[in-house]
1. Considering only residues of segment B:176-223 that are small (Gly, Ala, Ser) and either crowded, with 21+ Cβ neighbours inside 10 Å or at pLDDT 90 or above (or both), which is farthest from B:Pro29 (Cα to Cα)?
2. Looking only at segment A:10-25, count how many residues are surrounded by fewer than 19 Cβ atoms within 10 Å (Cβ to Cβ) and among the aliphatic types (A, V, I, L, M).
3. Do we find a residue being more than 11 Å from chain A (Cβ to nearest Cβ) and surrounded by fewer than 23 Cβ atoms within 10 Å (Cβ to Cβ) anywhere in segment B:72-81?
4. Name the one entry in B:Leu118, B:Leu93 that is within 24 Å of A:Met14 (Cα to Cα), modelled with pLDDT under 90 and hydrophobic (A, V, I, L, M, F, W, C).
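The values are calculated or read from the model by the stated rules, or taken from the named source; none is laboratory data. What you see is a predicted model; the values in this text were computed from it and never measured. Don't worry about glycine lacking a Cβ; one is built from the backbone with ideal geometry, like all the others, and counts go over all protein chains shown.
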Amino acid sequence: MEDKTYLSIAYLGMIFGLAIWTWTVVSRSRNLEQRINAMEQSLNIKSVDSDSVASVNDTNDN
Amino acid sequence: MRVRAGEVVLGLGFIGLMITLFLAFNWAPSVNINAFQAPESQRIFYWHVPAAWAAFIAFAVLFVGSALWFFKRSPLGWKLHIAGSEAGLACGLMAVWSGCVWGAAEWGTPWDWEDWRLNTFGLLTLLALFLVLGRQSQPDGVESRDTFSTFGLYGFVLVPLTYVATRIWVIRHPGPVIGGDEESSISGDMALVLMIGAISFTTLIVGHILTSMEITKFEQRLERLQKELDGE
């Protein structure tokens, strides 16, 4: 293979990987937010941000 | 739809990466054609080195997050652990991929099993892969978090080892281009493009870490809502 072919393969692979990774992360974040908003509206509640595993552990420690 | 800080930072990182790519192909000088087997392929390093740099930042975040969770039971620490392992995996894979392609062009082989730098960095990336896949296959709990945090803590030993590998055991991987000796230094223009690349990758990874932490926050909120719905 030619020198520039290797260069193109390397950059195209990285661009493709970056695009997939970023798309997955951003779309997952938006989907989750939409699901949470829909659930909170239907249940008419406002949940707080907390980590249930960490809080369970705190309770056990006390 | 509200604007998220993570996505804005991500966008800035992408713009920086595109500028780096443009400068790498159109502005950065070529290397001495007698010094390399594949001189054009050397332009891979404008993304390869910053990707490895970003991976080191991600592994540092993983280490801090693991320590915060393991010793302080900090919810923020767990979020950093998740974000650091995911970002470390992505940047590690990019560095390994571009390095393998360059190795195939320059050395005639994509991997050298006797080179310390390649193998320690490969192990770091495999560690991140284990953490990401392991977390997805295990139920979330104190025990599983402790196990993964322990791996995050001990795995960080590989970071300084990888960093000094080319200084102590120079086998095949080129020596450091910044902070190395006079022979390994690069020209001012090349260093400038490399620095823009490093800043861009750092910005991108910060954006990814912020977005990943937000995802973890949403997942925990969803789990709580589900429990309320189930009457627990």
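1. Selected residue: B:Ser212.
2. The qualifying residues number 4.
3. No, segment B:72-81 contains no residue that is more than 11 Å from chain A (Cβ to nearest Cβ) and surrounded by fewer than 23 Cβ atoms within 10 Å (Cβ to Cβ).
4. B:Leu118
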